1. Regarding B:ILE198, is this residue within 11 Å of DNA strand D (Cβ to nearest atom) and either of a type in the set (A, V, I, L, M) or surrounded by 14 or more Cβ atoms within 10 Å (Cβ to Cβ) (or both)?
2. Scan the stretch B:216-243 for residues that are surrounded by fewer than 12 Cβ atoms within 10 Å (Cβ to Cβ) and either assigned to a helix (DSSP H, G or I) or β-branched (Val, Ile, Thr) (or both) and report the count.
3. Please work out if B:ALA80 is crowded, with 18+ Cβ neighbours inside 10 Å, small (Gly, Ala, Ser), under 13 Å from A:HIS153 (Cβ atoms) and within 13 Å of chain A (Cβ to nearest Cβ).
4. Test of understanding: among A:THR194, A:THR208, which residue is within 11 Å of DNA strand C (Cβ to nearest atom), within 20 Å of A:ALA93 (Cα to Cα), at pLDDT 95 or above and not charged (D, E, K, R)?
5. Quick one: would you say B:LEU212 is surrounded by 19 or more Cβ atoms within 10 Å (Cβ to Cβ), in contact with a helix residue (DSSP H, G or I) (Cβ under 9 Å, 6 or more places away or on another chain) and not assigned by TED's automatic domain parsing to the domain that holds B:ILE79?
6. Scan the stretch B:182-202 for residues that are more than 14 Å from B:LEU172 (Cβ to Cβ), assigned to a helix (DSSP H, G or I) and out of contact with any strand residue (DSSP E or B) (no Cβ under 8 Å at 6 or more places or on another chain) and jot them down.
7. For B:ARG70, state whether it is basic (Lys, Arg) and under 13 Å from the mean Cα position of the chain (by Cα).
8. Please name all residue pairs, on different chains or six or more residues apart, with Cβ atoms under 9 Å, provided the first residue is in the stretch B:192-212 and is away from every other protein chain (no Cβ under 14 Å) and the second residue is surrounded by fewer than 16 Cβ atoms within 10 Å (Cβ to Cβ) and modelled with pLDDT under 95.
Protein chains: 2
Amino acid sequence: MLRQPAPSVSAGAREVSCASCNLRESCLSGGVPTEDLERVANIVSTRRRVRRDEPLFRAGDESRCLYAIRSGFFKTIVIADDGREQVTGFFMAGELLGMEGFGGGGYNDSAIALEDSDVCVMPYSLIEEIGREVPSLHRRLHAVLGREIVRGHGIMVLLGSMSAKQRLAAFLLNLSRRYLRRGYSGSRFLLRMTREEIGSYLGLKIETVSRLFTAFHQDGLLDVQYRQLSIVDIQGLERLLAD
Amino acid sequence: MLRQPAPSVSAGAREVSCASCNLRESCLSGGVPTEDLERVANIVSTRRRVRRDEPLFRAGDESRCLYAIRSGFFKTIVIADDGREQVTGFFMAGELLGMEGFGGGGYNDSAIALEDSDVCVMPYSLIEEIGREVPSLHRRLHAVLGREIVRGHGIMVLLGSMSAKQRLAAFLLNLSRRYLRRGYSGSRFLLRMTREEIGSYLGLKIETVSRLFTAFHQDGLLDVQYRQLSIVDIQGLERLLAD
DNA sequence: CGAGGTGTTGAGATTTGTCAACCTACGTGG
DNA sequence: CCACGTAGGTTGACAAATCTCAACACCTCG
């Protein structure tokens with residue numbers, strides 16, 4: 001949205017304060033008691049600005065850092081041995097990226113900014129070090145990793161057992177909920193990704209996605225003009241998931 | 001597949017030795033230096049025997065333990081809000097179960113034994129406690145969690161971008177590789193799961209799975225009689241994945 | 001103002017699912 | 001030890017969902 005000149009900010013000195021960050025609860029510091037927040041803030045060694053279409057990290061990069069999105073929007077993609085490319089997730093402010101590299105396995109996917117974005121950079125080494133001293137952080141880290149595994153399960157259910165219609169409905173409802181939780185409208189928002197990216201994520205072809213948007217519109221469920229989406233009948237969408 | 005009377009063994013005293021376990025490398029203790037193995041062995045508080053068709057844990061159980069399979073075979077299933085059921089994985093000796101409950105989120109899936117099985121029970125609390133003192137264990141834990149996330153990505157690619165034929169080929173090749181690594185034949189093994197379970201895992205209907213087995217047989221790729229599988233032409237299967 | 005990326009729509013092909021019949025192995029109880 | 005019931009597996013014919021290919025529309029940006 002706002003598109004700043006982006007001088008690739010690096011906050012070598014810590015102007016970062018988790019304590020005052022309004023995304024704290026969904027971030028790594030969520031659930032960490034106030035008195036420990038200052039120490040946790042030290043994990044954020046730098047900030048980084050990533051321009052639209054640029055990678056935050058790439059599969060194969062030696063992974064050393066976890067990233068928290070302060071602002072912006074990302075997709076993650078996996079490229080299989082045979083060149084198959086698949087979008088594995090969309091991530092917005094307050095969410096974490098780079099979890100699967102934990103433990104030294106290297107990143108397995110690439111994170112690409114879908115708009116100019118701003119992230120907190122948290123080296124694994126610091127997380128582990130400070131985690132040793134702040135048990136609540138340690139626990140939080142594990143919870144966050146566990147939740148990422150669970151997110152994967154949700155996508156497996158989506159891809160493995162839902163019709164195209166249901167997949168798109170589930171996807172839109174998921175976006176809606178996440179925007180809502182962040183204080184944005186859950187019924188009117190911009191789709192930051194192309195139809196093709198939606199299709200890749202949902203295991204559908206671009207034409208199918210396009211047709212479904214049209215069908216949903218005709219069914220009075222939503223209005224959509226290119227990237228601008230208005231959900232008209234949330235419950236109608238939810239009902240689609242029922243069978 | 002010896003089937004013992006199974007007195008629900010509980011090794012309150014530690015007759016468990018990670019040091020002498022031939023599955024060590026793939027287990028949680030993998031990569032932990034020999035001198036620390038004894039401490040790591042203390043994580044295994046008990047052993048548990050699970051009979052065929054019985055759950056090791058269920059979604060919603062308060063999760064407190066990670067499980068390592070000593071012998072046997074499991075499936076994990078997720079049941080969505082609307083009752084949709086999906087197999088999210090098959091697990092064999094040396095593999096870990098219950099990772100997503102780490103951090104206190106509770107289990108999100110259920111693990112069901114597909115044959116009488118034997119597992120090491122490792123309470124999260126002990127893992128964390130001993131992990132604080134044995135950094136290699138700590139790192140290993142993170143690696144294992146990261147790998148589980150990556151496994152999820154692989155399934156997303158499979159479900160999101162492969163044809164039915166390719167999914168089944170990929171599945172069989174995956175099983176083959178895992179048996180091979182364990183010292184079993186990679187070309188001749190028993191399918192521990194039903195066609196329906198395969199179908200659920202691959203996002204296919206049972207009839208489709210059945211037809212694919214027939215087709216693969218006719219193409220000279222494999223022989224199959226119910227659960228007994230012989231891969232005749234591994235490279236042929238691999239070639240299927242190419243496009 | 002033109003080009004290229006993105007999105008939409010239609011017609012027809014293909015893949016996968018559905019329904020129904022039937023077969024086979026296995027375990028149980030007579 | 002056999003017979004039968006049942007769960008699991010296969011096959012066929014047909015239906016439905018989704019994909020493919022192709023044409024075109026729209027929007028943005030240089």
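The values are calculated or read from the model by the stated rules, or taken from the named source; none is laboratory data. What you are looking at is a predicted structure, and each value in this text was computed from that prediction instead of being measured. Here the Cβ positions follow ideal geometry from the backbone for every residue, glycine too, while neighbour counts run over all protein chains shown.
1. Yes.
2. Step one: list which residues in the stretch B:216-243 are surrounded by fewer than 12 Cβ atoms within 10 Å (Cβ to Cβ), which gives B:218, B:220, B:225-226, B:228, B:235, B:242-243.
Still in the list and also either assigned to a helix (DSSP H, G or I) or β-branched (Val, Ile, Thr) (or both): B:218, B:235, B:242.
Number satisfying all stated conditions: 3.
3. The answer is no for B:ALA80.
4. Residue meeting the stated conditions: A:THR194.
5. In short, yes.
6. Scanning the stretch B:182-202 gives a single hit, B:GLU196.
7. Values: basic (Lys, Arg): yes; under 13 Å from the mean Cα position of the chain (by Cα): yes.
Answer is yes for this residue.
8. Correct list of pairs: B:ARG192/B:ARG227; B:MET193/B:ARG227; B:THR194/B:ARG227.
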